[in-house]
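In what follows, a structure is listed as structure tokens, so that the remarks can point back to it.
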Amino acid sequence: MLKIKNLHASVEDKAILRGINLEVKPGEVHAIMGPNGSGKSTLASVIAGKEEYEVTEGEILLYEENIDELAAEERAHKGIFLSFQYPVEIPGVSVTNFMKTAINETRKAKGLEDMPANEMLKLIREKSELLEIDRKFLSRSLNEGFSGGEKKRNEIFQMAMLEPKLAILDETDSGLDIDALRIVANGVNKLKSKDNAVIVITHYQRLLDYIVPDFVHVLHNGRIVKSGTKELAHELEEKGYDWIKEEANA
Amino acid sequence: MELKEKLISSFLAFENRVDIDSPVHDVRSEAIKIFETQGFPTKKDEAWKYTSLNSILKHDYSVFPKNENRIEYNDVKKYFIHEIDSYKIVFIDGKYSSHLSQTTHDGLDVCLMSAALNKPKYQLIIKNYFNKIATKDSLTSLNTAFSQEGAYIQIPKNKIVDKPIQIIHFSTGDESALMQQPRNLIVVNENSHVQIIERHQSLTENPVLTNSVTEIFANKRAIVDYYKVQNDNEKASLIDNTFINQKQESHCSVHTFTFGGKLTRNNLNFYQNGERIDSTLKGVTIIGNKQHVDHNTLVHHIEPNCESHQDYKGIFNDSSTGVFNGKVVVNKEAQKTNAFQANNNILVSDKASINTKPQLEIFADDVKCSHGCTIGQLDESAMFYMRSRGIPEKEAKGLLMYAFSNNVLSSVKIPEIKQRITKIIATKLGVNIGFDL
């Protein structure tokens, strides 16, 4: 589904990604771990199409199609979803209206009519129950005044609404208490199928107890320096990242 | 002949025509003298530092339109908030149009300034209210000198007016260039409530200059909600001078929606003459091309325990220019005043500009006054966030700008106006906002 080949990316001429190779197949869960500043969030943003990042070398293929030149919204229409580490507050647009716009713009891009209002309401009800989101919450301005946990739950709610092929969860566990973590992870797991895939970017093992990865990759200095199975995450939790850095620098 | 000279020499003819024995004869004569002394304001005047009238004063305006024009309702229906039942006072080229108007009323006055000025039964009202709060500056004085027609509205005590009142001025442009000076007087008595919508609309490509004066008196516990829809074509200019005198516990709000016009200047003045008064001044401005909009507000807190809320949002495209000058005066006696002012602007183009200037003069020591001005571009992180959800760039921009102006709309009490303004905003921003608001 997703193939990343020798990806180099920089922001303001500063190289951040220095040759990433990664393949994600349908039905898989990949975890990307690594110390601060290793390039995890940059990788997420580059895949999602943030314009500040310039791809200087390599390519990103989605279903064998090069998506380098596609705008963020076009990538979204093709099924890429990014759950933000810091979701942006948008005063004046309610959660519901934002989702209606996002869904109908995506349908428009696919040549479909707007979703009928009753169908939309049913979908919103269903998905908000999945994420244990209060109805009142949906009429509030997007992310404005939301707690850290509410913001992250709202991200996964949006993911549930949009049903992406490839979901990238960028530090979705940060700022979550244990109950919120359980709800969020439960939501992600229920959305999993053999046709979609998830990339979980995290610092800690904690989230991976709930969303169990098939593969774990360690990012350091803009490269994947080690890949393994879920046991690697446990090892990192115990030993920290220093041994990885040493190994990589050796 | 320069416009100033033309106006002064027209005054004699005007006076002879409208009856030299009129009770306001002296007021008019005094006013034309003030205008003669002061002339049109220039950029040397502090209050006009960022707005030049030069480009609109160069036309050879006709001051007295000759022909009476007829307009069919269906051709101009779209300029009315036609979705609701309302009283309508309509003028064409400064003359009352009885066939477009709808003023059948009971227990209140929804009628004409010309009637109020001339009929003996209104003499006391004119004596007590006419030109009592309008300032003696040159443009207001010019209007006073030529004041003849406009809306006269008087709501007696304890009356909730059953439907909004729309005041609409059309100009048809049979003249090569037309200058209009509408004059409105609105008196709302104790415990009464009225909603008014005002619009100036040119139907011609010829230049139109409107110098309008509106005096509003809100007596004890009165509630007045006033909506100004300024979406005229780019040959028409408007100088709106509005003065509001509030008595104790009255609530007045003025929403100014400015999307059109070549040059628009709003002089909006609130005087709080009583305690526990609430004044609201809100505005949304979205302009482009070479349009110019200048909001000049004054809230004068005279007595204790009053509030004022000002919130103006502006979006400037192309080479458009904006001015916001918000003055708040708090007298020494006006303790416990709570005055809030905000002016936020987005410059969409590199060539657009805005000059924003809060001006606070506070003489009391136990008050809460806040003000904030911002000028910015669209938030890039918000743009990426929306686009990453599949909302294309243009729609995301529109939605963000809509959201930016949205909290000004939240205080609009007539849903049909809110819908209309939302539609205009969506059209202005070139987006289809995909949901009902």
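Pairs needed: first member in the range B:32-44, under 16 Å from B:ALA134 (Cα atoms); second member anywhere, of a type in the set (A, V, I, L, M, F, W, C); C-beta distance under 7 Å; at least 6 residues apart or different chains. Correct list of pairs: B:ILE32/B:ILE8; B:ILE32/B:PHE11; B:ILE32/B:ALA145; B:PHE35/B:LEU142; B:PHE35/B:ALA145. Residues of the range A:155-183 being of a type outside the set (A, V, I, L, M) and either modelled with pLDDT of 90 or more or surrounded by 20 or more Cβ atoms within 10 Å (Cβ to Cβ) (or both), which ones? Selection gives A:GLU155, A:PHE157, A:GLN158, A:GLU163, A:PRO164, A:LYS165, A:ASP170, A:GLU171, A:THR172, A:ASP173, A:ARG182.
In this structure, does A:ILE60 turn out to be crowded, with 21+ Cβ neighbours inside 10 Å, more than 8 Å from chain B (Cβ to nearest Cβ) and not acidic (Asp, Glu)? Spelling it out, A:ILE60 is indeed crowded, with 21+ Cβ neighbours inside 10 Å, more than 8 Å from chain B (Cβ to nearest Cβ) and not acidic (Asp, Glu). Among the residues of the range A:75-104, the ones that are under 28 Å from B:LEU409 (Cβ atoms), more than 7 Å from chain B (Cβ to nearest Cβ) and part of a strand (DSSP E or B) come to 1 in all.
Filtering the range B:303-325 to residues that are surrounded by fewer than 21 Cβ atoms within 10 Å (Cβ to Cβ), out of contact with any Asp or Glu (no Cβ under 7 Å at 6 or more places or on another chain) and in a loop (DSSP other than H, G, I, E, B) leaves B:ASN317, B:ASP318, B:SER319. For residues that are aliphatic (A, V, I, L, M) and assigned to a strand (DSSP E or B), scanning just the range B:282-302, find the one that is farthest from B:LYS428 (Cα to Cα). Per the criteria, the residue is B:VAL299.
Scanning the range B:244-269 for residues that are in a strand (DSSP E or B), closer than 21 Å to B:ILE414 by Cβ and within 13 Å of the chain's Cα centre (by Cα) returns B:ILE244, B:SER253, B:VAL254, B:HIS255, B:THR256, B:PHE257, B:THR258, B:ASN266, B:LEU268.
If you scan the range B:326-340, which residues turn out to be assigned to a strand (DSSP E or B) and charged (D, E, K, R)? B:LYS327, the sole residue that qualifies. For the range A:105-119, residues that are among the acidic types (Asp, Glu) and either touching a strand residue (DSSP E or B) at 6+ places or on another chain (Cβ under 8 Å) or more than 8 Å from chain B (Cβ to nearest Cβ) (or both) total 2. The residues in the range A:113-132 that are outside any helix (DSSP H, G or I) and more than 17 Å from A:PHE84 (Cβ to Cβ) can be counted, and the count is 5.
Does A:GLU105 count as of a type in the set (Asp, Glu) and either in contact with an Asp or Glu (Cβ under 9 Å, 6 or more places away or on another chain) or at positive phi (or both)? When the stated conditions are applied, A:GLU105 passes them. Among what's in the range A:63-74 and is in contact (Cβ under 8 Å) with a residue 24 or more places away in the chain and either facing chain B (nearest Cβ under 8 Å) or surrounded by fewer than 15 Cβ atoms within 10 Å (Cβ to Cβ) (or both), pick the residue that is nearest to A:VAL198 (Cα to Cα). Step by step, filter the range A:63-74, then rank; the result is A:TYR63. The set of residues in the range A:29-57 that are polar (S, T, N, Q) and within 14 Å of chain B (Cβ to nearest Cβ) comprises A:SER41, A:THR42, A:SER45. Scanning the range B:367-380 for residues that are in contact with a Lys or Arg (Cβ under 9 Å, 6 or more places away or on another chain) and either closer than 11 Å to A:GLU105 by Cβ or within 13 Å of chain A (Cβ to nearest Cβ) (or both) turns up just one, B:LEU378.
The values are calculated or read from the model by the stated rules, or taken from the named source; none is laboratory data. This is a predicted model, so every value here is computed, not measured. Using ideal geometry, Cβ is built from the backbone for each residue, glycine included, and neighbour counts are taken over all protein chains shown.
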